[in-house]
Every structure is written in structure tokens, then in C-alpha cells.
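In what follows, a single structure is set out as C-alpha cells and then discussed.
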Amino acid sequence: MSTLIKTVTEELRRRILKGSLPAGSRIKEIEFSAELNVSRTPLRLALGELERLGYVEKSGRQGFRVREINMDEVAEALELRGVLEGYAARRIAETAISDKDSAWLRMLVDKGRELICAWTRETRQLFVESWADNNKQFHDALITLARNTHLAESMQTVSRTVFARASNLGSIGDYPEIELEFFTRAQEDHEAIFEAIIQREGTRAEALCREHARRSIENKKKLSRLSDCR
């Protein structure tokens with residue numbers, strides 16, 4: 001069942017990102033369960049996951065409706081995320097990270113590199129899922145290790161915006177090599193941020209986080225433009 005739910009979730013997410021399910025489109029369980037050849041239970045659970053991620057919203061008795069994705073709002077949220085994570089990275093670096101916390105970050109960075117090296121076209125979907133999870137853990141770790149309650153609350157507010165979450169990559173799968181370039185560069189950013197932190201280079205760590213967020217904005221805009229051209 002879990003595999004089926006993931007498959008349905010991914011298919012609907014791809015349709016939304018590619019524009020075949022534009023903003024405002026209604027997703028009725030009866031229609032889509034037949035179209036996707038699944039029962040209503042996995043479809044309902046998939047729609048619940050998409051709602052959690054911010055792709056759809058409930059629409060009365062008509063099921064769910066695709067939410068409008070405003071790239072300007074996404075860019076603003078991502079830029080703010082870069083500011084918050086930059087502050088977190090600088091704070092961690094300047095307070096001297098412990099061996100235990102350093103090992104935690106290193107493990108996440110090493111895992112990201114392993115995923116990049118193992119990428120193949122055939123395992124792309126599994127890679128994206130694993131990368132998204134590892135990416136989220138790395139970004140969450142920065143906020144956790146900064147040990148600032150107000151910072152954590154601010155990040156929760158920013159993360160309400162679709163695509164501003166570290167777990168939401170905006171991958172649509174139609175341009176695997178281009179997406180791999182994005183992921184590879186993101187991995188290099190993570191490695192550089194980690195290195196700046198353990199070297200206690202707070203200003204550099206902060207700047208790298210902000211640049212990392214700006215790069216994410218450009219990547220998402222590029223994928224959006226490519227999708228519009230289809």
C-alpha cells in the first residue's frame with residue numbers, strides 16, 4: 001500500500017508541476033481513482049500527502065483543488081530561508097561545534113555524496129526520494145544546532161510556503177540530467193558549508209547558505225520555465 005500511495009502521489013505531483021493539472025483544477029476521487037486505476041483509499045491518502053506538502057487544498061464536497069504556485073512568493077520564502085540558515089550556520093561556527101554534532105553533520109554530508117555517486121536514470125525516483133530526505137535532515141540540523149527557539153519558529157513559518165521546504169525539491173523527472181546537475185551543486189554547497197562551520201568561519205558559512213538559497217531559487221525558476229515550454 002505504501003508503495004502505491006507514493007506512486008499516486010508522485011504522479012499527481014508531476015502533473016501539477018508540468019501544468020497538466022493547472023491551478024484551480026479539481027481532483028475528484030471518483031474520476032481520478034478510475035483514471036489512475038487505483039481504489040479511492042490510496043488516492044485519498046495521496047491527496048492528503050499533497051495537501052500537507054502544499055500542492056492541493058480541500059474544496060468543499062468537490063474533493064481537492066490544485067493550489068496556485070506563485071514563484072515570486074516561493075523566491076521570497078527561499079531567500080528568507082537562506083537568511084535564517086545563514087544565521088544558524090554562523091552561530092554554529094562561532095560557538096565551536098562539538099565532536100558529536102560535527103560527526104552528525106559529516107554523516108549527512110557523506111550520505112549526500114554517496115547518493116550522488118550512485119545516481120542512475122533507472123533509479124532516479126528512488127534517488128530523488130532519498131536525496132529529499134537527506135537534504136531535509138541537513139537543513140534541519142543547521143536550525144537544530146543553532147539552538148535558538150525563535151529561529152526554529154521562524155523557519156516553521158517560512159516552511160509553510162510550497163517549495164520553500166528543504167524536502168520539496170520541485171523535481172518533475174523530465175530533465176534528469178539537468179536535475180542531477182542541480183543536486184550535485186547542492187551537495188557541493190553542503191560540503192562547503194560544513195567545512196566553513198568546522199573551520200569556525202562564521203561569515204563564510206553564512207554567505208554560503210545565502211548563496212545556496214539563491215541557487216535554489218534559480219533552479220526552481222529554470223525547471224518552471226522548462227515545464228512551461230512543453
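The values are calculated or read from the model by the stated rules, or taken from the named source; none is laboratory data. It should be emphasised that the depicted structure is a prediction, and the values quoted were computed from it without experimental measurement. With ideal geometry, Cβ positions are generated from the backbone for all residues, glycine too; neighbour counts draw on all protein chains shown. Ligands, DNA and RNA are stripped out before the accessible areas are found, and what is left, the full protein with its side chains, is counted by its heavy atoms. Shrake-Rupley method; radii C 1.70, N 1.55, O 1.52, S 1.80 Å.
Some points to look at:
- Complete set of residues in the range 1-47 that are open to solvent by less than 30 Å² (accessible area, probe 1.4 Å) and touching a strand residue (DSSP E or B) at 6+ places or on another chain (Cβ under 9 Å): 12, 16, 21, 25, 27, 43, 47
- Long-range neighbours under 9 Å by Cβ, at least six apart or interchain, first residue farther than 17 Å from residue 177 by Cα within the range 123-134, second open to solvent by less than 10 Å² (accessible area, probe 1.4 Å) and at pLDDT 85 or above: 134/108; 134/112
- Qualifying residue in the range 158-177 (condition: farther than 25 Å from residue 68 by Cβ, surrounded by fewer than 20 Cβ atoms within 10 Å (Cβ to Cβ) and out of contact with any Asp or Glu (no Cβ under 9 Å at 6 or more places or on another chain)): yes
- Residues satisfying the stated conditions in the range 84-100, i.e. surrounded by fewer than 16 Cβ atoms within 10 Å (Cβ to Cβ) and not basic (Lys, Arg): 94, 95, 96, 98, 99
- Restricting 65, 81 to those that are basic (Lys, Arg) and open to solvent by less than 60 Å² (accessible area, probe 1.4 Å) reduces the list to 81.
- Criterion: farther than 19 Å from residue 221 by Cα, at pLDDT below 95 and of a type outside the set (Lys, Arg) - qualifying residue of 60, 54, 86: 60
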